[in-house]
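A quick write-up on the structure given underneath.
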Amino acid sequence: MNNLFKKYVSHAAKFNKVGVDLGLYLSKQIIDAHNGSIYAKSYEDNSNVFGFILPIVTESAKIS
Ligand SMILES: Nc1ncnc2c1ncn2[C@@H]1O[C@H](COP(=O)(O)OP(=O)(O)OP(=O)(O)O)[C@@H](O)[C@H]1O
Ligand SMILES: [Mg+2]
């Protein structure tokens with residue numbers, strides 16, 4: 001869980017899949033660049049939830 005959003009951390013081979021190991025890393029870079037946050041939760045029944053939060057920029061907060 002601690003390494004999930006790092007570059008080149010993949011467990012795809014373990015599940016007989018091919019991965020380039022950048023998917024979650026790039027997702028985090030993009031979401032961080034928008035001042036948001038991304039998270040992952042893992043449950044005991046082997047289900048996982050991934051999500052992200054992005055701030056809403058209001059009209060008055062925009063740089064004119
Ligand atoms: N939706 C998901 N459900 C469960 N585990 C996931 C999910 N997405 C990623 N993971 C886990 O996190 C690891 C890293 O994901 P990441 O997307 O960075 O790389 P990848 O899926 O292996 O390759 P790719 O860069 O092609 O997406 C995966 O190998 C997998 O173990
Ligand atoms: Mg992926």
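No value in this document is a laboratory result; all are computed from the given coordinates. For clarity, every value in this text was computed on a predicted model and none was experimentally measured. When we count neighbours, we look across all protein chains shown, and the Cβ atoms used for this are built from the backbone with ideal geometry, even at glycine.
Modelled spin-label separation between residue 4 and residue 16, with each label point placed 7 Å from Cα along the Cα-to-Cβ direction: 2.5 nm.
Neighbours of residue 29, meaning other residues whose beta-carbon lies under 15 angstrom from its beta-carbon, give a summed charge of +1 when Lys and Arg score +1 and Asp and Glu score -1.
Each Lys or Arg adds one and each Asp or Glu takes one away; over the other residues whose Cβ falls under 13 Å from the Cβ of residue 53, this sums to 0. Adding -39500 (n - 2.57) for every DSSP H run of four residues or longer, then dividing by how many residues the chain holds, sets the calculated 222 nm ellipticity at -5000 deg cm²/dmol.
Under a model in which nothing but the beta-carbon of Lys, Arg (+1) and Asp, Glu (-1) is charged, the stretch 13-61 shows a dipole of about 200 debye around its Cα centre. In this calculation the C-beta distance from residue 32 to residue 63 is compared with R0 = 25 Å, giving a FRET efficiency of 0.80. Each Cα pair under 8 Å and six or more residues apart adds its separation to the average, and for the stretch 13-61 the resulting relative contact order is 26 percent. Taken over the chain, lysine pairs spaced eight or more positions apart, or on distinct chains, with alpha carbons under 28 Å apart number 13. Based on DSSP loop calls and a cut-off of at most 12 other Cβ atoms within 10 Å, the longest stretch of the chain free of exposed chymotrypsin sites (Phe, Trp or Tyr not before Pro) is what? Longest site-free region, per DSSP loop and neighbour criteria: 9-42. Charge tally for residue 2 (other residues, Cβ to Cβ under 15 Å; Lys, Arg +1; Asp, Glu -1): +4.
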